[in-house]
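What follows is a set of notes on a single structure, which appears directly below.
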Amino acid sequence: MPLPAVLLIGTLWLNGCATAGSEAAIACPPVVTYSRADQTRAVDEIAALPDGAMILRMLSDYAVLRDQARACR
């Protein structure tokens, strides 16, 4: 049997012995819980920002990340 065929058969045979799946484990990040008072303060501070403030877009992105972290659990 030619060497490449032997290597192919050996590789296939060894792969059949694998005990773990190829999917990597995903660690879910923790989601920080804010008190009602903290949330109320944040709303008041956000309301005081000028229209189009960059921080508003960043907070929107953060909200998406929090939703994804909650769904990860």
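The values are calculated or read from the model by the stated rules, or taken from the named source; none is laboratory data. What you are looking at is a predicted structure, and each value in this text was computed from that prediction instead of being measured. Backbone-built Cβ (ideal geometry, glycine too); neighbour counts: all protein chains shown.
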| In segment 1-42, which residues are surrounded by 10 or more Cβ atoms within 10 Å (Cβ to Cβ), of a type in the set (Val, Ile, Thr) and at pLDDT 85 or above? | 31, 40
| Flag if residue 71 is more than 24 Å from the chain's Cα centre (by Cα) and at pLDDT 90 or above | no
